[in-house]
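Visitor: Submitted below is the structure of interest, expressed as structure tokens.
Just so you know, all these numbers are worked out from the coordinates, no wet-lab data involved. Note that the structure is predicted; figures quoted are calculated from it, not measured. Ideal geometry is used to build each Cβ from the backbone, glycine not excepted, and the neighbour counts take in all protein chains shown.
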Number of protein chains: 2
Amino acid sequence: MGAESSHKQLRSASCSVGEDKTRQDTLYFDSYSDVTIHEEMIADNVRTNTYRTAIFRNSESIRGKVVLDVGAGTGVLSIFCAQAGAKKVYAVEACSIAEQAMEIVKQNNVEDRVEVIRGTVETVELPEKVEVIVSEWMGYALLHESMLNSVLYARDRWLKAGGLILPSRAELYITPISDPVVEDRLYFWYTVKDQYGVDMSCMSDFARRCIKNSDITVSTVAVEDVLSHPARFAELDLHSVTAEELRTVKGRFRCESFGSAAVNAFCVYFTVTFPCSDKPQSLVLSTSPFKPETHWKQAVLYLDFPVEVVQDTLVSGEVSMFPSEDSSRHICIHVDYTVGEKKIQSKTFSIPDWTADSQP
Amino acid sequence: MGAESSHKQLRSASCSVGEDKTRQDTLYFDSYSDVTIHEEMIADNVRTNTYRTAIFRNSESIRGKVVLDVGAGTGVLSIFCAQAGAKKVYAVEACSIAEQAMEIVKQNNVEDRVEVIRGTVETVELPEKVEVIVSEWMGYALLHESMLNSVLYARDRWLKAGGLILPSRAELYITPISDPVVEDRLYFWYTVKDQYGVDMSCMSDFARRCIKNSDITVSTVAVEDVLSHPARFAELDLHSVTAEELRTVKGRFRCESFGSAAVNAFCVYFTVTFPCSDKPQSLVLSTSPFKPETHWKQAVLYLDFPVEVVQDTLVSGEVSMFPSEDSSRHICIHVDYTVGEKKIQSKTFSIPDWTADSQP
């Protein structure tokens, strides 16, 4: 059942510890210390190999230089940087996984060059400024659990003028999709009578209200369910974007339907781009449904009811992404959209809080 | 990754509402109102068909009689009872799904015989005593979220002497297993060096501590991973067991290994048995790994380290199941065990709290 995919563990990567630590921070901190999420990230070949390639392709800019790894986790990116010739890497990690990072650094004989510092990038004191910042800060739908703010803080506080940020750009895309699994789940209730002799078809409406709620679902969108070329609605230049600008990331989109179908959701995904000092073209880490799957999958936003489109039907509107009022780490996505000649619709989505803990 | 299976939604079926409703009860109540869990239960053919068959095979005892359905959910068992000839069925359900049950009852034209009552069985007032109690009260590892207490309350308060309880008996089993997936997950960290050039083998120990913790994992055990004939360690007769006796359900077990293997977990599962008035043999709903899968799957208890066994090695000990101190709905399982000539080991397991809600 599709709904289970949204009950997975949190994957984002910033921590906040200190005297004024809130309960939400504690939960966040705890969930991140478990091994599963690190296993998932390291095992994500698209993610780990793209970072590795990007770091080695930038070895001209890294060799002999000082690097800051924001939210270093197990320290794998820091070790890549040391292997690419960095003189010094500060691997800043607030969570207890920092202890494992220290062990891994020793095991790889780079403890003279990689220094794991347990703390938040907002509070640590480095002995020097850095020439390079590397960070794997992206959450679901790019901005969920907004570790990007920590990267921007590190940039403004610790990066030398003209320094390198890996990755240096992020882009957000949206596309209308059809999700047959959800429609099958709604149809299930019509099949109960044949199976057990009890008519439960009236549950279908209730199921629609439950499933097509305002939760953002993180799941894998099949290529054949994508109904148009995706449209880019926002771009963030990590050298210039400000925390203030991240308070609302928004943009317009225009998509034209490939053919006849029923749109029952939007899919939102992101790419991040690495400059490559030794090659003319840059390197892209993409979470597009047209590219190999990553652990970020795609963010799916269900409409209340399917809308029919035919070839070239225009699906257009505006997307706004902003932090939830309940928790600034949690992202909301508001979509205003029109399909063909239909009147404008609006729906606001948010990622449910999966951090399981109901202790009073 | 196996760990995700333990992040599924709760499935148990009792509610507690009233003036003294606690926060845990509220969470419980809310999670149960979602459609996914009802979809999962109705779609579980083993569960739904066994109840249906059991009700129809007992139609001699049901025809013209008054039935109480404890925790009726969508009302499907109540409607089966009406179809089997019950004069009246009281379908007691504390959660908001009771509203859907009322609709379903109408849609099946049994509203003259099935009365859905929203409330807990501990607080509702029925106009009469009943001849039959039917309830699907079983949670993970049988007793997780202990709705059985509500059935016993209903029995003592509302069942006429000599009345029928469906099911009438429950049995608990344990068997040693090997779980290769977990060992593969631990081995993963040894493969990272080949893949990315970073030695992360030291993460394997950390992974062992994280994965082989004291959480009860709900997952499907493959037949080939079962290392001995399962041993029954407890039996509950629903006509006579008391709430006091349920405070600790325990019993000894003896298993002899089929062959050479590494035991890295115990598997706990249950069966419930329905008497059949029209047949000599009773009907069993089994959640054994040797039987078709149900949504209860099996409860898996990981040992800290694997223990080697050969053919006929004796694995024996005692299992105790008791409510968690943090939440009486949550079950703990304590196992004392010896393998062959090794000294006795003990480990206490509990089901993690998946009720996601970290709102402060």
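Visitor: Around B:Y90, with a cut-off of 11 angstrom between Cβ atoms, what is the net charge of the other residues, counting Lys and Arg +1 and Asp and Glu -1? Kindly include the intermediate steps, with their values, before the conclusion.
Guide: On the way: positive: B:K88, B:R113, B:K129; negative: B:D69, B:E93, B:E115, B:E125, B:E128.
After counting each charged neighbour, the total is -2.
Visitor: Note down the magnitude of the dipole of the stretch A:49-137 about its Cα centre, charges +1 on Lys and Arg C-beta and -1 on Asp and Glu C-beta and zero elsewhere, to the nearest 20 debye. Walk me through the numbers on the way to the answer.
Guide: Values: 10 positive and 13 negative charges, 77 e Å.
Taking the Cα centre of the stretch A:49-137 as origin, the dipole is about 380 debye.
Visitor: Continuing with the same structure: For label points placed 7 Å from Cα toward Cβ, what is the shortest-first list of nm distances from A:D112 to its copies?
Guide: List, nearest first: 9.3 nm.
Visitor: Please tell me the relative contact order of chain B in percent, rounded to the nearest whole number, where contacts are Cα pairs under 8 Å and at least six residues apart. List each step's numbers first, then the result.
Guide: Details: 781 pairs, mean separation 64.5, N = 360.
Across chain B, relative contact order equals 18 percent.
Visitor: Moving on to the next point. Any idea what diffusion coefficient the stretch B:114-193 gets from Stokes-Einstein, in µm²/s, Kirkwood Rh on alpha carbon pairs, 4 °C, 1.567 mPa s? Mind showing how you got there, number by number?
Guide: Values: Rh = 16.4 Å.
Calculated translational D: 79 µm²/s.
Visitor: Taking each label point as 7 Å beyond Cα in the direction of the beta carbon, state the distances from B:V181 to the same residue in the other copies, shortest first, in nm.
Guide: 1.6
Visitor: Helix-only mean residue ellipticity at 222 nm, the protein assembly as shown, DSSP H runs n ≥ 4 weighted -39,500 (n - 2.57), per residue, nearest 500. What is it? Please report the intermediate quantities before stating the final value.
Guide: Details: 20 runs with 194 residues, N = 720.
Counting only the DSSP helices, I get -8000 deg cm²/dmol.
Visitor: Rounded to the nearest 0.05, what FRET efficiency do B:T53 and B:S328 have when you use their Cβ-Cβ distance and R0 = 35 Å?
Guide: After rounding to 0.05, the efficiency reads 0.60.
Visitor: Just to be sure I follow: if Rg is taken over the C-alpha atoms of the stretch A:53-151 and Rh is the Kirkwood radius over the same atoms, what is Rg/Rh? Please report the intermediate quantities before stating the final value.
Guide: Values: Rg = 12.7 Å, Rh = 13.4 Å.
With Rh from the inverse mean 1/r over Cα pairs, Rg/Rh is 0.95.
Visitor: In nm, to one decimal, how far is the modelled label at B:K193 from the one at A:A43, with both set 7 Å along Cα→Cβ?
Guide: So the two model labels end up 2.1 nm from each other.
Visitor: In a GNM of chain A with a 10 Å cut-off on Cα contacts, which of A:C276, A:C81, A:C332 has the highest mean-square fluctuation?
Guide: Result for chain A, Cα springs under 10 Å: A:C276 fluctuates most.
Visitor: Over the protein assembly as shown, what is the percentage of antiparallel beta bridges among all DSSP beta bridges, to the nearest 5?
Guide: Around 75 percent of the beta bridges assigned by DSSP in the protein assembly as shown are antiparallel ones.
Visitor: Most mobile of A:S288, A:S78, A:S316 per a Gaussian network model of chain A (Cα springs, under 10 Å)?
Guide: Largest GNM mean-square fluctuation: A:S316.
Visitor: Between the alpha-carbon centers of the stretch A:205-223 and the stretch A:130-195, tell me the distance in whole angstrom.
Guide: Between the Cα centres of the stretch A:205-223 and the stretch A:130-195 lies a distance of 18 Å.
Visitor: Out of A:V249, A:F270, A:S282, whose Cα points farthest toward the positive end of the dipole of the stretch A:222-287 (charges: +1 Lys, Arg; -1 Asp, Glu; placed on Cβ)?
Guide: A:V249
Visitor: So how far apart, in nm, are the two label points at B:R252 and A:V223 if each is 7 Å from Cα heading toward Cβ?
Guide: The two pseudo-label positions are separated by 6.2 nm.
Visitor: How far is it, in nm, from the label point at B:R63 to the one at B:E111 when both lie 7 Å from their Cα along the line to the Cβ?
Guide: 2.8 nm
Visitor: Over 19 Å between C-alpha atoms is what I'm after, so list which of B:K87/B:K129; B:K65/B:K129; B:K87/B:K160; B:K106/B:K160 land there.
Guide: B:K106/B:K160
Visitor: Cα-Cα pairs above 35 Å in the protein assembly as shown: how many percent?
Guide: Of the Cα pairs, 52 percent sit more than 35 Å apart.
Visitor: Now, a different point. Ignore the peptide's own chain and count Cβ atoms of other chains within 10 Å of each Cβ in B:35-44; give me the average, rounded.
Guide: The mean count of partner-chain Cβ atoms within 10 Å per residue comes to 6.
Visitor: Between A:A82, A:S135, A:Q107, whose Cα lies farthest towards the positive end of the dipole of the stretch A:36-135 when Lys and Arg beta carbons carry +1 and Asp and Glu beta carbons carry -1, centred on the Cα centre?
Guide: Of the candidates, A:A82 comes out farthest on the positive side.
Visitor: Could you give the C-alpha radius of gyration of chain B expressed as a fraction of 2.2 N^0.38 Å, taking N as the number of residues it contains?
Guide: Working it through for chain B, the quotient is 1.06.
Visitor: Sticking with this structure for a sec: What is the total of Lys pairs in the stretch B:263-353 with C-alpha atoms under 30 Å apart, excluding same-chain pairs fewer than 8 positions apart?
Guide: Working: B:K279/B:K291; B:K279/B:K297; B:K291/B:K347; B:K297/B:K347.
So the count works out to 4.
Visitor: Using amide H atoms built 1.01 Å from N in the peptide plane, name the residues 5+ places from B:H144, or on other chains, whose amide H lies under 5 Å from its own.
Guide: HN-HN under 5 Å from B:H144: B:G139.
Visitor: Can I ask one more? Shielding by partners for B:67-77, please: the mean number of other protein chain Cβ atoms within 10 Å of each residue's Cβ.
Guide: Other-chain Cβ atoms within 10 Å of each residue's Cβ, averaged: 1.
Visitor: Connecting C-alpha atoms closer than 10 Å in a GNM of chain A, tell me which of A:V310, A:V218, A:V263 has the biggest fluctuation.
Guide: A:V310
Visitor: Still on this structure: For B:130-140, what's the mean count of beta carbons from other chains sitting within 10 Å of each residue's beta carbon?
Guide: 0
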